[in-house]
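Novice: I'd like to ask some things about the structure below.
The values are calculated or read from the model by the stated rules, or taken from the named source; none is laboratory data. Just so we're clear, the structure is a prediction, and the values are computed from it rather than from any experiment. Note that each Cβ is placed from the backbone with ideal geometry, even for glycine, and that neighbours are counted across all protein chains shown. Remember, those area values only see protein heavy atoms, side chains included, never the ligands or the DNA or RNA. Shrake-Rupley method; radii C 1.70, N 1.55, O 1.52, S 1.80 Å.
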Amino acid sequence: TDAVFIRLVQDGVQGYGECTMPPYVEEDQVSVIRALHDPELARAIRTGTDALEAFLTRPDARLQPAFRSGLYTSYIDLINKVKGTSVSSRSEDPGKALAMITLGHGAVDDYADRVRQLEPGFPVLKIKLGTPDDRQILKAVTQADERPLLLDANQGWRSLDEALKVLEVLDPQQIIGIEQPFAKEHWDLHQALTERTEVLVIADESIQGLADLERAPGVFGGVNLKLMKCGGLDQAAQMAGRARELGLKVMLGSMSESSLGCATMLALAGLADLADLDGPWLLSNDPFTGLGLENGRFMVQGDEAGFGVKLRPGLVPSWTQIGA
């Protein structure tokens, strides 16, 4: 997953933000860097934080959600560091959302060994599905591990019958939820699955913003919120609050973000039931440190201001300056 990291500096204080762009999204490193060189953004940076906030709240700023999310994160990180305050400490209950570890696609015969090698401290196991071997995969996993499962079909199932045949392999009590089982436009299939099973059906790609969220009750029982999809922590917070009002479960997700991006999303843990923020455990080149796991919950370690993470010791990145 390609990424762009942003650093905002004011009087020697540094705030950081992250934009991650998997290959299936429209944004990429080039589009984000181009947006960062917007002359209007450069003027806002030179003018100060009020001008930057005005830039971030322009309606068209949300058209590039990864760009806006990374810039907004760096802005919030900076102003909290200037004040010496922690963002994560403001959440209602920083330890509420259950943490999960992800098991990606692989050969069926390898799943048992792969499960045993996973970090045992995670209370929920998330399994990537959406293949012809889904039933065999689930049998292999459940024989090797007794943890509750979050099934992520990634829009891979094509019919209600297919979904029901996969689910019959499992005890319903073992399933935390099913994430985006059908193609994002097939709200009818998601509604049918919700009506035919007691398992929680969680939307990911089907819900991009507040307008989609309003249609969710009766079709989905939960929503997976991602910074790169929502366009920033403020947008994600608004959607999480509205999801709660609509009676939906809230899952905090990520797109392979580092400790920085995952710690940013963790600020909403008090509004969430599940946290799919295991990116730092799956990356070999995480440039930040400070996100940990305690008693089955993600926690920001230490008392750092802002989002609580720091550049990895010894890492000296080369920054491209804009807005000078």
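Novice: From the residues in the stretch 239-254 that are open to solvent by less than 20 Å² (accessible area, probe 1.4 Å) and under 24 Å from HIS186 (Cβ atoms), which one is nearest to the chain's Cα centre (by Cα)?
Specialist: GLY253
Novice: Before we move on, is LYS249 touching a residue at least 40 places away in the same chain (Cβ under 8 Å) and not polar (S, T, N, Q)?
Specialist: Yes: the conditions hold for LYS249.
Novice: Among the residues of the stretch 98-105, is there at least one that is part of a loop (DSSP other than H, G, I, E, B) and under 18 Å from ASP152 (Cα atoms)?
Specialist: Yes, the conditions are met somewhere in the stretch 98-105.
Novice: Can you tell me which of ILE33, ILE79, ILE45, ILE6 is in a helix (DSSP H, G or I) and closer than 20 Å to MET255 by Cα?
Specialist: Residue meeting the stated conditions: ILE33.
Novice: Right, here's the next one. Report the residue count in the stretch 145-165 for those that are more than 26 Å from the chain's Cα centre (by Cα) and outside any loop (DSSP other than H, G, I, E, B).
Specialist: Final tally of qualifying residues: 5.
Novice: Now a separate question. Do you know which residues across the stretch 104-140 are open to solvent by 60 Å² or more (accessible area, probe 1.4 Å) and under 26 Å from the mean Cα position of the chain (by Cα)?
Specialist: Selection gives HIS105, ARG114, ARG116, GLN117, GLU119, PRO120.
Novice: Restricting attention to the stretch 57-84, which residues are of a type outside the set (S, T, N, Q), more than 18 Å from GLN14 (Cβ to Cβ) and surrounded by fewer than 19 Cβ atoms within 10 Å (Cβ to Cβ)?
Specialist: Across the stretch 57-84, the qualifying residues are ARG58, PRO59, ASP60, ARG62, LEU63.
Novice: Working carefully through the options ALA236, ALA269, find the one that is buried (at least 24 other Cβ atoms within 10 Å of the Cβ) and either among the basic types (Lys, Arg) or at pLDDT below 95 (or both).
Specialist: Only one candidate passes the filter, namely ALA269.
Novice: Looking at the structure I just gave you, is GLY261 under 18 Å from SER88 (Cβ atoms), in a loop (DSSP other than H, G, I, E, B) and touching a residue at least 40 places away in the same chain (Cβ under 8 Å)?
Specialist: Judged against the criteria, GLY261 is not a match.
Novice: Let me ask you something else. Identify, please: which residue in the stretch 9-30 is modelled with pLDDT under 95 and in a strand (DSSP E or B) and is, among those, nearest to LEU63 (Cα to Cα)?
Specialist: This residue is VAL9.
Novice: Before we move on, is ALA42 touching a residue at least 24 places away in the same chain (Cβ under 8 Å), open to solvent by less than 40 Å² (accessible area, probe 1.4 Å) and closer than 20 Å to ASP2 by Cβ?
Specialist: no
Novice: Which ones in the stretch 264-321 are more than 19 Å from the chain's Cα centre (by Cα), in a strand (DSSP E or B) and among the basic types (Lys, Arg)?
Specialist: Listed by number, the list holds a single entry, LYS310.
Novice: Still on this structure, I have one more. Within the group ASP303, ASP276, which residue is under 30 Å from ARG244 (Cβ atoms), crowded, with 20+ Cβ neighbours inside 10 Å and in contact (Cβ under 8 Å) with a residue 12 or more places away in the chain?
Specialist: Among ASP303, ASP276, only ASP276 is under 30 Å from ARG244 (Cβ atoms), crowded, with 20+ Cβ neighbours inside 10 Å and in contact (Cβ under 8 Å) with a residue 12 or more places away in the chain.
Novice: Now for a separate question. For the stretch 191-209, which residues satisfy the criterion of being open to solvent by 60 Å² or more (accessible area, probe 1.4 Å) and part of a helix (DSSP H, G or I)?
Specialist: Listed by number, the residues that qualify are GLN191, GLU195, ARG196.
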